[in-house]
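Working notes for the structure below.
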Number of protein chains: 2
Amino acid sequence: MANAQRSRYSIAVDTMGGDRGAAEVVRGVALALKEFKDIDEIILVGPKRMLEQMLKKVDLNKDRRLTIHHASQVVEMSEKPIQALKQKKDSSLVRSIELVKEGRAGAVVSLGNTGALMAGATLKLRPVKGIERPALATVIPSHKHHFLLIDAGANPETTGLQLAHNAILGNIYYKSILPNKNPRIGLLTIGSEEGKGTERIATAHEHLKKISHKINYIGPIEGFDTFKNVADVVVTDGFTGNCVLKSLESCFTTLSGFLKKELGATPFRQLGAVLSKGAFTAMKDQLSPEHYSGAPLLGINGLVLKTHGSSNRKFIRSAIRIANEGLRDDLTKKIQKGIAEGNAIVEESEAPAKA
Amino acid sequence: MANAQRSRYSIAVDTMGGDRGAAEVVRGVALALKEFKDIDEIILVGPKRMLEQMLKKVDLNKDRRLTIHHASQVVEMSEKPIQALKQKKDSSLVRSIELVKEGRAGAVVSLGNTGALMAGATLKLRPVKGIERPALATVIPSHKHHFLLIDAGANPETTGLQLAHNAILGNIYYKSILPNKNPRIGLLTIGSEEGKGTERIATAHEHLKKISHKINYIGPIEGFDTFKNVADVVVTDGFTGNCVLKSLESCFTTLSGFLKKELGATPFRQLGAVLSKGAFTAMKDQLSPEHYSGAPLLGINGLVLKTHGSSNRKFIRSAIRIANEGLRDDLTKKIQKGIAEGNAIVEESEAPAKA
C-alpha cells in the first residue's frame with residue numbers, strides 16, 4: 001500500500017490519560033484490529049518501551065498495521081488545558097494531534113483531558129473554513145431510538161449562526177454513523193412556539209429555515225421531546241448540551257443504583273430480580289453507550305474523537321471503528337462542503353451574515 | 001377571624017386550564033381543606049354556577065373556608081401568553097392573580113398556561129424591589145435526596161447578577177419547604193474549575209463568593225453532580241434549567257415505559273416483576289413529584305405556584321399545602337429582605353453593581 005494512502009486512513013491512538021491505564025487501551029486496539037480488517041494502520045502514541053512490552057503481552061508486537069510513536073509525557077485529567085498544552089509538548093495527547101497536523105494520520109482517538117484535547121485540536125488543526133467554533137457530538141442511547149446531541153460542551157457561548165452550523169455538522173455526522181439518511185434535526189429550546197426562547201434561537205431558526213432544502217429541519221423542540229423519537233439530531237449550545245448530558249448521566253447512574261439496592265433488599269425481591277433478569281439485560285444492551293463511544297469534535301480539519309476517561313477496551317474498540325468509518329466516509333471533506341454550502345445560502349439572503 | 005388576616009392567608013385557586021378539568025381541582029381542594037386545618041380560606045376562581053354544583057357533589061358547599069370568585073373565561077394551554085392576557089381579562093388565571101394584587105388573597109395556585117401565568121404574575125404583581133426577573137423553582141426528587149432547581153424556565157437570558165439572585169431565592173425557598181436550614185447552593189456550569197463556563201457564570205461566582213456568609217455557597221458544580229447529593233439548590237439560567245428539567249422528565253418517562261414493557265415480555269419476567277414489586281413501589285414513592293408539586297415563581301410581590309397541567313387531586317393538595325406554608329412562613333417578606341441584603345453587599349464592593 002502506498003504510504004500516502006496509509007497515512008490518510010491512519011488512526012493515532014493516545015494511549016495515556018485514561019483511568020484504566022495504557023494496557024486497557026492496547027487491549028481495545030487489539031480488539032479493533034482483530035474485528036475491523038479494513039483498518040490500515042493504528043499509531044499508538046505514548047512511552048515507546050512500555051508500549052512495546054504491552055504489545056508483546058497481547059501478541060501484537062509483530063502486527064504490520066501497528067506503529068508506535070514515542071511520547072514521554074502525560075496530560076493529567078485535572079490539568080488546566082492551555083497550561084498543559086504549553087508545558088507538555090511531548091505528551092501523548094499533543095503528539096497525537098500533531099500526527100494529524102503533519103498528515104501522518106487522519107484521525108485521533110483519545111481518552112484524555114477533554115479540555116486539553118479540544119483546545120489542542122482547535123488550535124493546531126484549526127476550524128474548517130467558514131466555521132468559528134467546533135462542536136462536540138455525542139450519541140445518547142434511548143429506547144428503540146438513539147439521538148445525537150450537538151454541542152455537548154465545546155462551545156459554551158454559541159451564536160445563532162454557530163447553532164445553525166451545529167445542525168449542519170450533526171446532520172453530516174449522523175448520516176455517517178447511523179442508518180438514517182435523512183435525520184430529523186430539532187433545535188432545542190424552551191417552548192416549541194416559533195420564536196420562543198432567546199434571540200440566538202430565533203436567529204438560528206431563521207438560518208435553518210433557509211437551508212431546510214439541504215437538511216431535514218423539523219423546527220424548535222423542547223426538552224420533553226428529546227427521548228420521544230421526535231428528532232434524530234438535537235441541536236443546542238455547548239453550555240446547555242453539557243448540562244443536559246451530564247444531568248442525564250447523573251440521574252441514570254443514581255437511579256440505577258437505587259433500583260439495584262431496592263431489588264436486593266429482600267429475598268423475595270432478589271428472586272424476582274433473577275426471574276426478570278432478561279428485562280434488565282435487554283435495557284442494558286439497548287442503553288449502553290458502548291456502540292457509539294467516542295464523541296467527535298466536529299468542524300475542525302481532521303477527525304478527533306474523545307472517549308470517556310473510564311472507557312474499557314470495548315468502548316475503545318468502538319471509538320476506533322467510528323474513527324475508521326469517519327475516515328472512509330471522508331467526513332471532514334463532507335463537513336467542509338456542507339458548511340460552505342450552508343454559509344453561501346445564508347449569506348445570499350443577507351449580506352453580510354450576522355449571528 | 002379578622003378579615004385582613006383572612007385575606008393575607010387566603011389562597012386563590014385557578015380552577016380552569018388543567019388537563020383533568022375543574023372537578024379534579026375541586027377534589028384537590030377538598031383534600032387540602034380536610035388535611036390542613038390551618039388553611040384560612042381558599043378562593044375558587046372560575047365559572048360560579050359550575051363550581052357551586054361541583055362543591056355540592058363533594059359536600060363542600062357549606063364549608064365556611066371556601067369562597068367562589070366568578071371568572072367566565074379560560075386561558076387555553078396553547079394560547080400565546082401576552083395575547084391571552086390582553087384578550088381574556090375575565091379568565092380564571094387573570095382573576096386569580098388580581099385577587100393577590102388587590103390584597104384579597106396572598107397566594108395563587110394554577111394548573112394553567114405556564115407562560116401566561118408567569119407573564120401575568122410578573123406584570124401585575126411586579127418583581128420584588130432589587131430584582132429584575134423572577135425565577136421558577138422546582139423540586140427534583142432523587143434517591144434519599146431531593147434538590148431544588150432554579151430557574152426552571154422563567155428567565156431564559158439570565159445575567160450574572162440574576163443568577164446570584166436565583167441563588168438567594170432558592171436558598172430562602174428551600175429552607176421554607178425542606179427540612180434543612182443551611183442548604184448547599186451550587187452554581188451549575190460546565191467543568192467545575194473556578195472561572196470555567198461563561199462570563200455570566202464567572203460574574204455570578206464572584207457575587208456569590210461575596211455573599212457566602214449569608215448563604216452556603218459551595219461553588220460551581222457540573223451536571224454530573226446534580227443527583228449526587230452534592231448540592232441542595234442547583235442554580236442556573238431559565239434556558240438551561242428548562243432544558244435539563246424537561247430532558248430528565250422525557251428520559252424518565254421513556255425509560256420507565258421501556259422497563260415496564262420488558263418486564264411484561266415473558267411470563268417469567270412477569271412473575272419476577274410481581275415478586276420484586278416492592279422495589280418498584282419504593283422507587284415510585286421516593287421519586288414521585290407529588291409531595292412538592294407546585295413550582296413557585298419566586299421574586300415577585302406575592303406567592304404564585306404553577307402546578308403541572310396534568311396534576312391530579314393529590315398534586316393539587318400538595319401545591320395548596322406549599323402555598324399555605326409559604327404564606328405562614330412569610331416567604332415574600334423573607335425574599336424582599338434577602339434580596340435587599342444581597343444587593344447591598346454586592347453594591348458595596350463595586351459601585352455601581354453590573355451583571
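Some points to look at:
- For chain A, hydrophobic long helices are taken as DSSP H runs at least 30 Å long by C-alpha position along their axis with mean Kyte-Doolittle hydropathy of -0.5 or more; these are A:238-263.
- In nm, spacing of pseudo-spin labels at residue A:260 and residue B:333 (7 Å Cα→C-beta vector): 5.0
- Whole-Hz couplings from phi, Karplus 6.51/-1.76/1.60, listed for segment A:292-298; x for Gly and Pro: 10, 5, x, 9, x, 8, 8
- On chain A, 51 percent of the accessible area sits on carbon and sulfur atoms, based on a 1.4 Å probe.
- 3J(HN,Hα) couplings calculated from phi for segment A:211-227 with the Karplus curve 6.51 cos²θ - 1.76 cosθ + 1.60 (θ = phi - 60°) are, in sequence order, 9, 6, 7, 9, 10, 8, 7, 9, x, x, 10, 9, x, 3, 7, 4, 9 Hz; Gly and Pro show x.
- The calculated pair-distance distribution of chain A uses every alpha carbon pair, bins of 10 angstrom beginning at 0, and gives 5, 24, 31, 24, 12, 3, 0, 0 percent.
- Evaluating 6.51 cos²θ - 1.76 cosθ + 1.60 at θ = phi - 60° for every residue in segment A:184-189, the Karplus couplings come out as 7, 9, x, 9, 6, 8 Hz, glycine and proline recorded as x.
- The slack in the chain from residue B:101 to residue B:229, taken as 0.36 nm per residue of separation less the alpha-carbon distance, amounts to 42.2 nm.
- Estimated inter-spin distance, residue A:19 and residue A:277, nm [label 7 Å along Cα→Cβ]: 2.6
- Taken along its principal axes, the alpha carbon cloud of segment B:259-355 reaches lengths of 70, 30, 21 Å, longest axis first.
- Cα-only Debye scattering, segment B:49-204: base-10 log of I(q)/I(0) at q = 0.18, 0.21 Å⁻¹: -1.19, -1.34
- For segment A:85-169: span of alpha carbons on each principal axis (Å, largest first): 42, 31, 23
- Shielding of peptide B:197-206 by partners, expressed as the average count of other chain Cβ atoms within 10 Å per residue Cβ, is 2.
- Legend: mean number of C-beta atoms from other chains within 10 angstrom of residue C-beta atoms, peptide B:215-227, equals 4.
- Pairwise Cα distances in segment A:135-289 exceed 27 Å for 31 percent of all pairs.
- Filtered GluC sites (Glu not before Pro), segment B:287-355: DSSP coil and at most 11 other beta carbons within 10 Å: B:350
- A versus B: buried accessible surface, summed, Å² (probe 1.4 Å, to nearest 100): 5100
- Scattering profile of segment B:11-112 at q = 0.14, 0.15 Å⁻¹ [log10 I(q)/I(0), Debye over alpha-carbon scatterers]: -0.48, -0.55
- Using every pair of separate Cα atoms, the Kirkwood estimate puts the hydrodynamic radius of the protein assembly as shown at 27.4 angstrom.
- Each residue of segment B:140-213 gets 108 Å³ once the volume of the Cα convex hull is shared out per residue.
- Amide H to amide H, with H built 1.01 Å from N, residue A:71 comes under 5 Å of A:46, A:48, counting only residues 5 or more places away or on other chains.
- Amide H within-cut-off set for residue B:184, under 5 Å, with H built and near neighbours excluded: B:232, B:233
- Residues of segment B:265-298 that bury at least 50 Å² of accessible area once all protein chains are present, compared with their chain alone (1.4 Å probe, heavy atoms only, ligands and nucleic acids left out), are B:269, B:275, B:279, B:283.
- Point-to-point label distance, residue A:37-residue A:78, nm (Cα→Cβ direction, 7 Å offset): 4.7
- Accessible surface, the protein assembly as shown, averaged per residue in Å² (probe 1.4 Å): 42
- Position residue B:341: other-copy label points at 6.0 nm, ordered by increasing distance, label point 7 Å along Cα→C-beta.
- Farthest toward the positive end of the dipole of chain A, out of A:108, A:29, A:229, is the Cα of A:29, where the dipole comes from beta carbon charges about the Cα centre.
- Inter-chain Cβ neighbour average for residues A:62-75, partner chain, 10 Å: 0
The values are calculated or read from the model by the stated rules, or taken from the named source; none is laboratory data. Not measured: the values here are computed from a predicted model. In this analysis, Cβ positions are derived from the backbone assuming ideal geometry, glycine residues included, and neighbour counts consider all displayed protein chains. With ligands, DNA and RNA removed, areas are computed over all heavy atoms of the protein, side chains included. Shrake-Rupley method; radii C 1.70, N 1.55, O 1.52, S 1.80 Å.
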